[in-house]
Amino acid sequence: MLPTLPYSLEKMKTVDSKSTLDAVLVCGLGSLGQSCVSVLKGFGVTVYAVDLIKVQYWDIPTMSDLLDGFWVGDCRQSQVLEQAKIQDCRAILLLTSNDRVNLNAAFAARVLNPNVRLIVRSQKENLNGLLSKHLGNFIAFEPTQLTAPAIALAGLGDETLGFFQLDQHLFRVTQEKITPNHAWIHQCQLHKLNTLSRRLLSHTRSDDSRPDRIYEWEPNALIQAGDRITYLEITNKLASFAGGATEAPYRKPAKLTLISQIQSIRRQLKRKWRSLTQTERVALSGIPIMLGLVGLCTILYLLQYPDIRFQDALNVSLVLILGGYDNLFGQLKLPFPIPVWLHAFSFGLTLFGTLFIGILFALLTERVFSARMVFLSPRPPIPTANHVVIIGLDGVGQQVASLLQSLKHPCVGIHSEPLESGVLPHLPLVVDALREALPKVNLSTARSVMILTNDEMTNLEIGLMVQAIKPHCPLVLRTSDSQFGAHIVRLLPNAKAFSVDALAAEVFAAAAFGENILSLLHVNQQTVMLTEYRVETGDTLNGRLIAEVAYGYCVAPILHQRNVREPEKLMPSDDIKLQVGDRLIVLATLTSLKNIEHGRIAQPTCQVRVEKALYQESIFDGIATISRISDCDLGMAKALMERLPATLSTPLYTQQAQRLIYELSKVQILAYETSTQR
């Protein structure tokens, strides 16, 4: 934990006194913090930083040049944040390794700058949700939770690249390599792959080794054997798992009467009673009987012996019901005169109390024995084939193992120390030194090996050992930085290297600009983020067609909602025009998010020349189609159709132009694509 004593400030770099709303303050310059600084500078913003110590050696060599200002101090202290120009910052990233420090600093920052966006590193999910409501403009992430799905799916090595959930809908990103017998070869053109539940993301020829860019594909390109096609599809609705029940219409709740409240309590008690075991029911039923017998015994002794106090009578009752009959009547001669009926009642009270205490002991013994059996229950056996070996079950390893188990994929863990009983209880586990454990996990038949310890040198060593045992085994290695990971990939051709901090940094940095990052995927050697936008007055999305946003910024629109009262539209039409208040969720790379932030949209380069309408009736449909797809007014579309052949003056993106041509052909109008550069 960081000390609370004040630190002397040391200004490491002179900063311009001019305030800027584009500045971002980063607190905590560990591996994650440095990665965030590097990503933020790619956005072209001013970056200030605060750390508790003066860093001597940076993980990123150019870090001192990237920072516009650096102070040494405790980010929880107001004077430190003030000197770090918190008033001039649009966002503050609180990235120390201590959740408590980050949250304390978040409170201090909110007091100093009520409008600053708070991006916090924290794993307290419930607390984060509550703070988001109270602090406002607040978002929290935990790096291992962000990156675990991407790492887990890389270990599977199959066609599924990622999955995520939006409201009640489950989406999957899939990549397929087209074989000569693939059914899609017969569909010929790429645009025919798009359906109401599927969207094409990228297309790469077999001889092209460049990373696929989101939403850059030729609609009329022919599908060929060897092509690599990446697409998004809706796989299921989560409501169907509950028996397909539909949401009941809203009814205003009626005011509960006393009788209805009593009936509700009775129903709840009945449900609780039915959920108890037989032993628990007997024990629960015996409690009022015990209390009643104690009270009755106390009254009887008071009536029989008026000279004794109430406390003495109660003491006799408690002694008898707790098995103390021999303490009162164990002598050869009774110590005081007592009627036969009271003597018999006292014996019966002791007998009942002994039975009840025996039941309580049985219940406690059952609970203790069950807990011990859970603690001592053996883990499942090690899989024999097609399993994933996970080496290192710290934070990232546990997240990955849990995800693979939820996908019903066989896996086995290797850890140097035993895990607690409640941690991954159904995971086959080998507890041994990491190097000695490899022969015990059926490595020769494993599908892949994931090496996820916190020490990248250990990961490299074990990776080389695995390669020596099984040369072509797919490997996934955790590294501390992307540069070291690139070296590993060159050394181990079958390996994929992931830096948790480098992956997570893109999400933290993107969140600094107001975007709500919902999920992270690793698609075609790129980090792709599921991002939610709320269209506001004056931003770069307002007034644009979804087609312009998709093809101009290279993002994949997933969901659109006009307002909270209207239903959401999945895989929305390109022809929807965004307006203030709209909700739009897209898949986007960091480059695309930068372009949206700065309004750097690619310009359309195509035009459509309309030759002729085969029928007079087609002209009216053509006017509506041209206006809808190109976003030109009806007057311009009408003027165009009245002087055929003519060229539409509105420039379009390739996908837009080819879609317009296709839609016009459906209403018997001939058109073709031309370039604006002619």
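The values are calculated or read from the model by the stated rules, or taken from the named source; none is laboratory data. All figures in this text were calculated on a predicted structure; none of them were measured in a lab. Note: ideal-geometry Cβ built from the backbone for every residue, glycine included; neighbour counts use all protein chains shown. With ligands, DNA and RNA removed, areas are computed over all heavy atoms of the protein, side chains included. Shrake-Rupley method; radii C 1.70, N 1.55, O 1.52, S 1.80 Å.
Of note:
- Spin-label proximity, M465 to the stretch 382-412 - amide N less than 17 Å from point 7 Å beyond Cα toward beta carbon: 389-394, 412
- Rg/Rg_ref, the stretch 497-542, where Rg_ref = 2.2 N^0.38 Å and atoms are Cα: 1.32
- List E597, E420, ordered by accessible area with a 1.4 Å probe, largest first: E420, E597
- Label point distance in nm, A225-K569, each placed 7 Å from Cα along Cα→Cβ: 4.1 nm
- Positive-end residue, the chain charge dipole about Cα centroid, Cβ charges, pick of N454, C27, M290: M290
- Shape annotation for the stretch 470-510: C-alpha extents along the principal axes are 39, 15, 12 Å, from largest to smallest.
- Calculated FRET efficiency, V580 to A646, Cβ-Cβ distance, R0 = 35 Å: about 0.50 to the nearest 0.05.
- Oblate is the label for the stretch 19-108, because the ratio a/c of its alpha-carbon gyration tensor axes (a ≥ b ≥ c) is 1.5 or higher and a/b is not greater than b/c.
- Take every DSSP beta bridge whose two residues both sit in the chain; close to 60 percent of them are antiparallel.
- Largest first, the three principal axis extents of the alpha carbons in the chain are 126, 68, 60 Å in whole numbers.
- Over the chain, Cα pairs under 8 Å with separation of 6+ residues give a relative contact order of 10 percent.
- Cβ crowding within 10 Å averaged over residues, with 506-519, 23-36, 124-137 ranked highest first: 23-36, 506-519, 124-137
- Accessible surface, 1.4 Å probe, highest first, among residues V610, V316: V316, V610
- Coordinate range along principal axes, alpha carbons of the stretch 93-174, Å, largest first: 49, 28, 20
- Residue-wise HN-Hα coupling along the stretch 413-423, computed from phi with Karplus coefficients 6.51, -1.76, 1.60 (Hz; x: Gly, Pro): x, 10, 9, 6, 10, x, 8, 5, 4, x, 8
- Pairwise centroid distance, computed over Cα atoms, of the stretch 105-120 with the stretch 560-614, Å: 33 Å
- Two-site FRET efficiency, D22 against E125, from Cβ-Cβ distance with R₀ of 30 Å, rounded to 0.05: 0.45
- If R0 is taken as 51 Å, the Cβ-Cβ distance between T537 and N454 corresponds to a FRET efficiency of 0.65.
- Between H182 and I359, the modelled label-to-label distance comes to 6.9 nm, taking each label 7 Å out from Cα in the direction of the beta carbon.
- The helix-only estimate of mean residue ellipticity at 222 nm for the chain, built from DSSP H runs of length n ≥ 4 each weighted as -39500 (n - 2.57), is -12000 deg cm²/dmol after division by the residue total.
- Estimated distance in nm for a label pair at K408 and R267, the labels positioned 7 Å out from Cα along Cα-to-Cβ: 3.5 nm
- Entries of K408/K594; K124/K470; K177/K496; K577/K612; K177/K440; K177/K577 with Cα pairs more than 30 Å apart: K408/K594; K124/K470; K177/K440; K177/K577
- Applying a 4.7 Å cutoff between beta carbons, the unpaired cysteines of the chain are C36, C89, C188, C297, C411, C473, C554, C606, C632.
- Amide H to amide H distances under 5 Å link N516 with E532, where only residues 5 or more positions off or on other chains count and H is placed in the peptide plane.
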